[in-house]
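The values are calculated or read from the model by the stated rules, or taken from the named source; none is laboratory data. These numbers were taken from a predicted model, which means no experiment stands behind them. Heads up, the Cβs are rebuilt from the backbone with ideal geometry, glycines too, and the neighbour counts pull from every protein chain shown. For accessibility, only protein heavy atoms count, side chains too; no ligands or nucleic acids. Shrake-Rupley method; radii C 1.70, N 1.55, O 1.52, S 1.80 Å.
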Amino acid sequence: MATKTTWMSDGDEWVFEEGELAKVTLRGQSRQTSADFRVLEVINGAMVLTDLKGLSRYDWHGPVVSWSGDFKLEVGESDGDTASSGEEPIS
């Protein structure tokens, strides 16, 4: 498994996994959908490098996107240990 981080934003859940399209589950929905950009690298749990320079349709500025809220980090080839931003990790 590649390194992966999950962010919670206003009830939406974003999943960024290296080498994969970003995925989002919107608030109130149970179905996960793929975004239209690929995650090149999970720099740390709160920062990812994408393949797009402009992510304005998501109200973000790329290619590096950062997050200051809750996140859950899963490091590839690990035993399932996780890290968080100092707040409660996502269950």
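Quick notes on this structure:
- With a requirement of 3 or more residues that are open to solvent by less than 60 Å² (accessible area, probe 1.4 Å), modelled with pLDDT of 75 or more and at negative phi, the strands (runs of 3 or more DSSP E) lying completely within the stretch 33-91 that satisfy it span 33-44, 47-50, 71-74.
- Considering the stretch 1-20, the residues that are in contact with a Ser or Thr (Cβ under 6 Å, 6 or more places away or on another chain) and part of a strand (DSSP E or B) include one that is surrounded by the most Cβ atoms within 10 Å (Cβ to Cβ), namely Phe16.
- Residues satisfying the stated conditions in the stretch 35-54, i.e. acidic (Asp, Glu) and within 20 Å of Asp12 (Cβ to Cβ): Asp36
- Pairs meeting the criteria (first residue in the stretch 55-72 and closer than 16 Å to Glu13 by Cβ, second residue in a strand (DSSP E or B) and open to solvent by 50 Å² or more (accessible area, probe 1.4 Å), beta carbons under 6 Å, at least 6 apart or on different chains) are Asp70/Met8; Lys72/Thr82.
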